Amino acid sequence: MSIALITGGSGHVGANLVRELTARDYKVRSIDFDGDHRAFKGYDVELIKGSVTDIESLNKAFNDVDVVFHTASIISLERKNKNLIRAVNVDGTKNVCEMALKHNINKLIHFSSVDAFVREPLGEPLLEDRPLVVNENSVPYDLSKADAQRIVLEYCERGLNASIIHPSGILGPNDFKPSLFGQEFIKIANGKRPFSINVSYDYVDVRDLCTTAVNCIEKGVSKQNYIVGGNYINFVYMADVISEELGKKLMRGTLPFFSIYLSLPIYFLQSLVTNSPRAITLDSIHTIKVHNKNIPSQLAKEKPGHTPRDIEETIIDTLTFFKDFGVLI
């Protein structure tokens, strides 16, 4: 039985990879970096202590592995986390590539983001040949994902067989921690966002993303990057679908975009009091304001067979998961 190693296995993507790989009869191994095992409940997952930031701790995890899914990443839009973002997203990726080469791994699937690309020109389709971010003053997360991809490509030149996945916004079930957007989804479902900025974004179902990523083991070309998008929707539509499922009106109205700037002090104070990440920062506003609307994902559809499902199904399944998880009022 082939062994698949997941870095960041307890996260949203990792949890769904566990389920997809198990269904395809892989033996699943995960680097246990935080002791959070909720994503693995009911699944036979071999857990090995380690961290992508400590290369010496990775040797045991990489022994006898056939394929590696590198999902471990700090997703943060707070500049105070700049050093941590680079330590995990950039240096961690280098360590993973080094170990993959050392242990003769057959395939590495590296998870990047659409945010690794230069966003302009916004009016043109986002394709795989779009330049990567290079500006040192860019959003630290965006730059880290671009620099990490450059490292993967450098190791490909040294013999590593790696494909790169660029998901858009990620939505879907099995979000145990939950993710930043998962937390916002919960707040919408619990009626804590009665007024919202009616912004739109492209979201891919995490299950479709993981299916495509696993397909890359056989169908992914080395050194090739694949943009994996889903459906371009707005928050009002999402709230309407949730409202219909729950049988209650959740969103009362929308606010003009400039009002999001007025909420910055509120989110800052809330973060201090609760010691939790901020959902709204200047960088997150930039990400919302300057984003690519046209993400065709044609190469991913043609090669590894990406097939995005209807977004309404994703929203309903996510709602069902959070209901069962006990976080909805």
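Values computed for the structure shown
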{"quantity": "Residue order, fewest to most surrounding Cβ atoms within 10 angstrom, among Glu218, Glu244", "calculated": "Glu218, Glu244"}
{"quantity": "Cut-off under 5 Å, modelled amide H: who pairs with Tyr226 long-range", "calculated": "Ile164, Ile165, His166"}
{"quantity": "Net charge of Cβ neighbours under 9 Å - reference Ile3; Lys, Arg +1; Asp, Glu -1", "calculated": "-1"}
{"quantity": "Karplus 3J(HN,Hα) series, Hz, for region 77-88 with 6.51 cos²θ - 1.76 cosθ + 1.60 (x for Gly, Pro)", "calculated": "10, 10, 5, 5, 9, 3, 5, 5, 4, 5, 4, 7"}
{"quantity": "About the Cα centre, charge dipole magnitude for region 1-116 (Lys/Arg +1, Asp/Glu -1 at Cβ), debye", "calculated": "200 debye"}
{"quantity": "Cα gyration tensor, region 1-104 - rounded (a/c under 1.5), prolate or oblate", "calculated": "oblate"}
{"quantity": "Under 13 Å, Cβ to Cβ, from Lys323 - net charge with Lys/Arg +1 and Asp/Glu -1", "calculated": "-4"}
{"quantity": "Residue order, fewest to most surrounding Cβ atoms within 10 angstrom, among Met99, Met251", "calculated": "Met251, Met99"}
{"quantity": "Estimated 222 nm signal from helices in the chain, with DSSP H stretches of n ≥ 4 weighted -39500 (n - 2.57), rounded to 500", "calculated": "-11500 deg cm²/dmol"}
{"quantity": "0 to 90° range, to nearest 10: angle between helix 180-189 axis and the chain longest Cα axis", "calculated": "30 degrees"}
{"quantity": "Of His166, His291, His306, the one that fluctuates the most in a GNM where the chain has Cα springs shorter than 10 Å", "calculated": "His291"}
{"quantity": "Using θ = phi - 60° and Karplus 6.51 cos²θ - 1.76 cosθ + 1.60, couplings along region 304-315 (whole Hz; Gly, Pro as x)", "calculated": "x, x, 5, 9, x, 7, 5, 5, 5, 4, 4, 4"}
{"quantity": "Ranking of Val68, Val28 by count of other Cβ atoms within 10 Å, fewest first", "calculated": "Val28, Val68"}
{"quantity": "Proportion of all alpha-carbon pairs of the chain beyond 35 Å (%)", "calculated": "17 percent"}
{"quantity": "Straight-distance crosslink candidates among lysines, where the alpha carbon sits under 17 Å from Lys301 and sequence neighbours closer than 8 are dropped", "calculated": "Lys219"}
{"quantity": "Normalised contact order of region 1-127, rounded percent, pairs of Cα under 8 Å and 6 or more residues apart", "calculated": "25 percent"}
{"quantity": "Under 21 Å between alpha carbons - lysine pairs in region 1-115 that sit 8 or more apart or on different chains", "calculated": "15"}
{"quantity": "Reach of Lys187 by Cα under 23 Å, taken over lysines that are not fewer than 8 positions away in the same chain", "calculated": "Lys177, Lys248, Lys249, Lys289, Lys323"}
{"quantity": "The chain: most fluctuating residue of Ser144, Ser297, Ser284 per GNM, C-alpha cutoff 10 Å", "calculated": "Ser284"}
{"quantity": "Region 167-258: Cα Rg divided by the 2.2 N^0.38 Å rule of thumb", "calculated": "1.29"}
{"quantity": "Cα-centred dipole magnitude for region 244-296, charges only on beta-carbon of K, R (+1) and D, E (-1), debye, nearest 20", "calculated": "120 debye"}
{"quantity": "Net +/- balance of residues flanking Gly50 in space, Cβ distance below 13 Å, scoring K and R +1, D and E -1", "calculated": "-2"}
{"quantity": "Whether region 226-271 is rounded, prolate or oblate, judged on the alpha carbon gyration tensor where a/c under 1.5 counts as rounded", "calculated": "oblate"}
{"quantity": "Choice from Cys216, Cys156, Cys97 showing the highest fluctuation, given a GNM over the chain with Cα pairs closer than 10 Å", "calculated": "Cys156"}
{"quantity": "FRET E, pair Asp66, Lys187, Förster distance 51 Å, beta-carbon r, rounded to 0.05", "calculated": "0.80"}
{"quantity": "Whole-angstrom gap from region 257-279 to region 133-160, using each part's C-alpha centre", "calculated": "30 Å"}
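None of the figures in this text is laboratory data; all of them are computed from the coordinates on show. Computed from a predicted model, the values in this text were never measured in an experiment. Quick reminder, even Gly has a Cβ in these numbers, built from the backbone with ideal geometry, and neighbours come from all protein chains shown.
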